[in-house]
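The values are calculated or read from the model by the stated rules, or taken from the named source; none is laboratory data. In this text the structure is predicted, and so the values were computed from the model without any measurement. Every residue, glycine as well, gets a Cβ built from its backbone with ideal geometry; the counts of neighbours run over all protein chains shown. SASA here: full protein model, heavy atoms, side chains in, ligands and nucleic acids out. Shrake-Rupley method; radii C 1.70, N 1.55, O 1.52, S 1.80 Å.
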Amino acid sequence: SKGECVDIPSEKELQLLHTNVCKSLGDTKRIQILYMLDEGPCNVSDLAAALDTPQPTISRHLAILRRNSLVSAERDGQMVVYQLADQRIINVLDSMRTILRDLLELQSSIFV
């Protein structure tokens, strides 16, 4: 019934979500990196070339994604290869993109 509390996440849980996931997704380049890694494991050089971004910048973004456990890294000789730590992050991003498209469509129909 109305007025009943449903399973509202605690402040602590939401703070962890914000710190570990939302802030990691707070940069478009990091989101692009996640989508690139969805295609398969990559090293820093491949990511830098594909995203037309300097290698040190990609390395900084990967460090943030790795620190927050969104990507994992494995050494392959001299090279470090990165991959998604959890495929579900792409599902979340795709859902957010669908919501965005729907909102933009709704807004465009309102302001026509």
- Residues of the range 4-41 with backbone N under 17 Å of the label point set 7 Å from the Cα of residue 69 along Cα→Cβ are 12-25
- Note on the structure: Given all pairs of distinct Cα atoms, the chain yields a Kirkwood Rh in Å of 16.1 Å
- Message: Let's see if you can work this out: charge +1 on each Lys and Arg Cβ, -1 on each Asp and Glu Cβ, no other charges. What is the dipole magnitude of the chain about its Cα centre, in debye to the nearest 20?
- Response: 340 debye
- Note on the structure: Once phi for every residue in the range 9-26 is put through the Karplus expression 6.51 cos²θ - 1.76 cosθ + 1.60 (θ = phi - 60°), the whole-Hz ³J(HN,Hα) values, with Gly and Pro written as x, are x, 6, 4, 5, 4, 5, 5, 5, 4, 5, 5, 8, 10, 4, 5, 5, 8, x
- Got a sec to turn the phi values of the range 63-79 into Karplus ³J(HN,Hα) couplings, 6.51 cos²θ - 1.76 cosθ + 1.60 with θ = phi - 60°, whole Hz, x for Gly and Pro? 4, 5, 5, 6, 4, 9, 6, 8, 10, 10, 10, 9, 6, 10, x, 7, 9
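Please give the per residue accessible area of the chain, computed with a probe of 1.4 Å over protein heavy atoms only, in Å².
Per-residue value: 73 Å².
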- Note on the structure: Once residue 80 and residue 93 are pulled to full extension, the length gained, defined as 0.36 nm per residue separation minus their Cα-Cα distance, is 2.2 nm
- Most mobile listed residue (75, 101, 66) in the chain, GNM with C-alpha springs under 10 Å: 101
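If I compute solvent accessible area with a 1.4 Å probe over the protein chains, what percent of it on the range 13-112 is carbon and sulfur?
Details: 3670 of 6710 Å².
Carbon and sulfur: 55 percent of the exposed surface of the range 13-112.
List the relative contact order of the chain as a percent without decimals, with contacts defined as Cα pairs under 8 Å and 6+ residues apart. Don't skip to the answer; put the middle values down first.
Details: 76 pairs, mean separation 25.6, N = 112.
Result for the chain is 23 percent.
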- Task: Treat each spin label as a single point 7 Å out from the Cα along the C-beta direction, and report the residue 60 to residue 15 distance in nm.
- Result: 2.7 nm
